[in-house]
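Student: My structure is below; once you've seen it, I'll send some questions.
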Amino acid sequence: MNTSKGDGQETATDFFVSGTVTTGGKEEELIFMSMEDLTGIIGNQGPDVIECSVEMEQAELNQLVQKIAAADSSLLPQAVKRVTASQDTVLKKLQALVWIVTVIVLCIMMICVSTTMMAVVTERRKEIGLKKALGASNESVVKDFLGEGAMLGVLGGALGAGLGYLFALRVSLSVFSRTVHFLFALVPITILVSALIAVVACLIPVRKTVEIDPALVLRGE
């Protein structure tokens, strides 16, 4: 590379290409170097272009660009849209994947809760028969088991919210090198949905308690 001095003379400076930038935009036509090397070439003149790497959402990045432009009319801030667009694409795919995994996990959870409650009802037939023999109604027995299912759903929802945040934080750090904020407002919703799904999964097994005849159970049949 040839550089010119103030007296009109030119000197040659050797630089080595350490890598290339591929963005699909005009950035591919630029040369990137350290500020020290640039100062050695152009002297104390100010640079015409300054590029900064900022990790944020595309909407936030657009707001930052508008804020810089409003603060100094001599500046022309521009966002590298190819990079931000690619990040948004990856984020949307991750969100779609998380939704699919969530639906699958909910279906598996319903099957597991239903199977577990069916085994519990079978094991506690004598207890259920004794309650009925002592005057407990079918409605009270059903409420007891649905309450147990709802409690399991609450505990599972609270545990899932914590573990889900840790998983999201790990993915965000490994993919975007950014942290995520814990949304406390979603915790009650998560717990409520988990409890409702657990109750729905318990409906079929709990219906078996209505069919239990206390006389037959107490006789050991």
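The values are calculated or read from the model by the stated rules, or taken from the named source; none is laboratory data. Bear in mind the structure is a predicted one, so any value in this text is a computation, not a measurement. Every residue, glycine among them, receives a Cβ derived from its backbone with ideal geometry; neighbour counts consider all protein chains shown. Note: areas computed on protein heavy atoms with side chains; ligands, DNA, RNA excluded. Shrake-Rupley method; radii C 1.70, N 1.55, O 1.52, S 1.80 Å.
Student: Just to be sure before I move on: is Ile212 surrounded by 14 or more Cβ atoms within 10 Å (Cβ to Cβ) and not in a helix (DSSP H, G or I) in the structure I sent?
Tutor: Taking the combined requirement at face value, the residue satisfies it.
Student: Could you tell me whether any residue of region 90-110 is closer than 12 Å to Leu203 by Cα and of a type outside the set (Ser, Thr, Tyr)?
Tutor: Yes, some residue in region 90-110 is closer than 12 Å to Leu203 by Cα and of a type outside the set (Ser, Thr, Tyr).
Student: In region 164-193, what residues are within 17 Å of Trp99 (Cβ to Cβ) and open to solvent by 80 Å² or more (accessible area, probe 1.4 Å)?
Tutor: Residues satisfying the conditions are Phe167, Leu183, Leu186, Ile189.
Student: Looking at Lys126, is it in contact (Cβ under 8 Å) with a residue 24 or more places away in the chain, open to solvent by 70 Å² or more (accessible area, probe 1.4 Å) and assigned to a helix (DSSP H, G or I)? Before the answer, list the steps.
Tutor: Values: in contact (Cβ under 8 Å) with a residue 24 or more places away in the chain: yes; open to solvent by 70 Å² or more (accessible area, probe 1.4 Å): yes; assigned to a helix (DSSP H, G or I): yes.
Yes; evaluated as a whole, the condition is true for this residue.
Student: Here is a follow-up. Considering only region 129-155, state which residues are over 27 Å from Val187 (Cβ atoms), of a type in the set (A, V, I, L, M) and surrounded by fewer than 17 Cβ atoms within 10 Å (Cβ to Cβ).
Tutor: Across region 129-155, the qualifying residues are Leu130, Ala133, Leu134, Ala136, Val142.
Student: Which one of the conditions (1) modelled with pLDDT under 75; (2) open to solvent by less than 90 Å² (accessible area, probe 1.4 Å); (3) not charged (D, E, K, R) does Val98 fail to meet, given that it meets all the rest?
Tutor: Going through the list (1) modelled with pLDDT under 75; (2) open to solvent by less than 90 Å² (accessible area, probe 1.4 Å); (3) not charged (D, E, K, R), Val98 breaks only (1).
Student: Answer yes or no as to whether Gly160 is under 24 Å from the mean Cα position of the chain (by Cα), buried (at least 16 other Cβ atoms within 10 Å of the Cβ), within 30 Å of Phe184 (Cβ to Cβ) and not hydroxyl-bearing (Ser, Thr, Tyr).
Tutor: On the way: under 24 Å from the mean Cα position of the chain (by Cα): yes; buried (at least 16 other Cβ atoms within 10 Å of the Cβ): yes; within 30 Å of Phe184 (Cβ to Cβ): yes; not hydroxyl-bearing (Ser, Thr, Tyr): yes.
Judged against the criteria, Gly160 is a match.
Student: Restricting to region 22-39, name every residue that is assigned to a loop (DSSP other than H, G, I, E, B), open to solvent by less than 80 Å² (accessible area, probe 1.4 Å) and at pLDDT below 75.
Tutor: Passing the criteria: Thr23, Gly24, Gly25.
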